[in-house]
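The values are calculated or read from the model by the stated rules, or taken from the named source; none is laboratory data. Small disclaimer: the values here were computed from a predicted structure and weren't measured. Here the Cβ positions follow ideal geometry from the backbone for every residue, glycine too, while neighbour counts run over all protein chains shown.
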Amino acid sequence: VSSRLGTWTLGIFVLSLALILLSRAGLLEPIQGGALSITSPVQHGLRNVADPLAGWLSNVRDVSDIRSENDDLRAENERLKADVTRLSEGQVQLQELQKLLQVKQSYPDEEFISANVLARDPSNLKEAIAIDQGKRDGLREGMVVVTEGHSVVGTITKLFDSYSWVTLITDPNSAVSAMVQESRAQGVVTGSYSRKLSIEFVAQGASVKDGDVVITSAIGGLYPAGLVIGKVTDVGGNAQDLFKSVTIEPLASLSHLETLLVLTSFQPTNLETP
Amino acid sequence: MRYVFAFLLFTLAALLQTSFMPAFPVFGVVPNLVLVLAACWTIIRGQQEAMVVVPLAGLCLGLGASQPIGVAILAVMPILLISEFAPLRLTPSNFLLTLALVFLSSLVYEMVVLIALLAQGETVGWLSAFTRAVLPTAIVSVLFTPPLYWIIWSRSEGLRRARAYV
């Protein structure tokens, strides 16, 4: 290595370390936040071009499956309509009973702050997105982020004054206490480097099948109970294994996120060991 | 002027990498377009320009990342060090040399990011990270090299003529 290149590389190395320290101290936040804000409209535009194109390509690829999927969806739609009618009727009856018994609702009203996606982390090793709400908007680290349809997206892991980074549930470092809605089987939903979700520690004897809905459980205190995470797509493993191997598909389309909701009425708690 | 062009090119590549490409993952990953451009620039236009352009590429990547800004600059710097071996001409053409540089520097880049994640207290599964993210990213980045190589190559006609004259 020539001495000129060596000196230059050493200089850049020192500069990089200085930038890392300044960045960790939050002193470069205006620069990083400014860059994200300035490029946000372009990123938004590019996503708007990419998403329909990707959807169209996917449809072309899966054209043979679409017809049968359409039939299945029609049947499911019909069933869901019937369920909605039945549940609406049940809700009315419940409200009347609550009024009669003067019982408070089990859960306080949920409060949200709406946020727009600014950017996505460029690395394939980290599943994180930047949103345009930060400390000064009342956000705190650990707050849960959901889609407009209220399915789980992730939690706020890095908080700055004007923006924050949300680590997605598909990140390899993400772990969400969860349960299978139908059988109440408990487990932990974890992400991976292949951006797939699986639910770990589901007892071998638990009843889990394809299509079951996985929701958050309140265990651990980091997520409120009952938020939808996804649907079971594969149940595998051997009978002699201690736990089932369960793959799930997130309900939220995590690669096409635009507007999100930060759940501000739920304060996560870090439970101490007894 | 060439550095302004480089900055604009890297910014555009970074935006495509983070907004457009995630809709079209190849082997489950997105190519590191900025790193590929920096490697192409280094081989085609020489080390002198690369000494400015490579840190600039790291800055463009760092500005849009959840990591501290300097991490990406550190992670791209090995391009410069590896390019020191370019005069040895281990391959018959600049293009093959570029492919090798993209592959190696992509591996190094992702490993530096992994170390940075580890330093920030995150758990790193080395084997699964390598097989599912690091290696596929290096391969996919190599696949995306030809069009990006052509962009830099076609913009360097004057430089190539000057070198031929010398």
Residue within the stretch A:95-110 that is within 26 Å of the chain's Cα centre (by Cα), surrounded by 10 or more Cβ atoms within 10 Å (Cβ to Cβ) and among the hydrophobic types (A, V, I, L, M, F, W, C) present: no
Residue among A:THR190, A:THR157 that alone is hydroxyl-bearing (Ser, Thr, Tyr), in contact with a Pro (Cβ under 9 Å, 6 or more places away or on another chain) and closer than 30 Å to B:LEU33 by Cα: A:THR190
Residue match in the stretch A:119-132 (condition: of a type in the set (Gly, Ala, Ser) and more than 13 Å from every other protein chain (Cβ to nearest Cβ)): no
A:SER164 vs. criteria surrounded by fewer than 22 Cβ atoms within 10 Å (Cβ to Cβ) and either over 27 Å from A:GLY33 (Cα atoms) or modelled with pLDDT of 90 or more (or both): no
Unique residue being over 20 Å from B:ALA75 (Cβ atoms) and assigned to a helix (DSSP H, G or I) when the list is A:SER16, A:SER23, A:SER40: A:SER40
Among residues of the stretch A:237-267, those that are assigned to a strand (DSSP E or B), more than 22 Å from B:GLY28 (Cα to Cα) and not polar (S, T, N, Q), counted: 6
Residue check for A:GLU29: surrounded by 11 or more Cβ atoms within 10 Å (Cβ to Cβ) and either more than 7 Å from every other protein chain (Cβ to nearest Cβ) or at pLDDT below 80 (or both): yes
Pair list, Cβ under 8 Å, 6 or more apart: the stretch A:181-196 residue touching a residue at least 60 places away in the same chain (Cβ under 8 Å), other residue assigned to a strand (DSSP E or B): A:GLY191/A:LEU168; A:GLY191/A:LEU197
Any chance A:LEU80 is at pLDDT below 85 and more than 24 Å from the chain's Cα centre (by Cα): no
In the stretch B:12-28, residue nearest to the other protein chains (Cβ to nearest Cβ) [restricted to those that are surrounded by fewer than 22 Cβ atoms within 10 Å (Cβ to Cβ) and of a type in the set (Gly, Ala, Ser)]: B:ALA23
